[in-house]
Amino acid sequence: MNKLLAAMLLALSVFITSPQLVYAQNTEGKAQIEKVIEDFRAAIVNKDQEGFLKLFLKEDITWAGTTTDASIARLYANRPQPAMKPPPKFFTMSPRKFINFIAEDKAKFDEKISNVRIDSDGDVAQVWFDYSLFNGEYKENWGKESWQMLRTDDGWKIAAVVWSNEVNPTPRPK
């Protein structure tokens, strides 16, 4: 009976301490992932093409967005010629094309990121957040963004990016 009780206490102590170990690993991983998120934002602000591209697992990752139905309806309703074709519902790009667009534009860009949620087992992570992309003071678009990430020998890398896109129907001030 004492051996059974000792075995149960040992098993219970392993069960109780294991989540603490996992939590400690995830806390470190979470901080590293949060740094990638800030480096992503800073690369946009600083138009740092090289720094931006280093955040990705490879250059040809999934990079796709979808414009919300409500945004398409607002944009279409405000067009001077109603016969004009509305913007695409679904679109793809690449990290390089995105950062090149940012770097080549004379305007100052910033991406505000909030409500970050990170789910990770220490080797793979799902990152989900709200974003707003600003061109100067003008809020161009906003929505939800999701990243799939992998922990590599070179640190955490973004393996896929998908997002929803709400578009500002008000023309950008000149």
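The values are calculated or read from the model by the stated rules, or taken from the named source; none is laboratory data. Just so you know, these numbers come straight off a predicted model, no measurement behind them. Positions of Cβ are backbone-derived with ideal geometry, glycine not excepted, and every protein chain shown enters the neighbour counts.
Per the listing Gly143, Gly136, Gly122, the residue uniquely within 28 Å of Arg74 (Cα to Cα), at pLDDT below 95 and among the small types (Gly, Ala, Ser) is Gly136. Give the residue that is surrounded by the most Cβ atoms within 10 Å (Cβ to Cβ), with candidates limited to residues of segment 111-168 that are in a strand (DSSP E or B) and among the acidic types (Asp, Glu). Going through the qualifying residues, I end up with Glu145. The residue that is surrounded by the most Cβ atoms within 10 Å (Cβ to Cβ), counting only those in segment 53-73 that are without any contact (Cβ under 8 Å) to a residue 60 or more places away in the chain and over 18 Å from Thr92 (Cα atoms), is Lys54.
Okay, residues lined up against (1) over 18 Å from the mean Cα position of the chain (by Cα); (2) touching a residue at least 60 places away in the same chain (Cβ under 8 Å):
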position	(1), (2)
Leu75	yes, yes
Pro95	no, yes
Glu104	yes, no
Ala107	yes, no
Phe129	no, yes
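Here Asn100 fits the description: under 17 Å from Asp60 (Cα atoms) and of a type in the set (S, T, N, Q).
Quick grid of which residues meet (1) at pLDDT below 95; (2) in a strand (DSSP E or B):
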position	(1), (2)
Glu28	yes, no
Lys35	no, no
Glu38	no, no
Ala42	no, no
Val45	no, no
Glu50	no, no
Glu59	yes, no
Thr66	yes, yes
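When only residues in segment 36-47 that are of a type outside the set (Phe, Trp, Tyr) and touching a residue at least 40 places away in the same chain (Cβ under 8 Å) count, which is farthest from Asn168 (Cα to Cα)? It comes out as Val36. Could we say that Phe91 is among the aromatic types (Phe, Trp, Tyr), assigned to a helix (DSSP H, G or I) and either under 17 Å from Val162 (Cβ atoms) or at pLDDT 95 or above (or both) here? So Phe91 fails the test.
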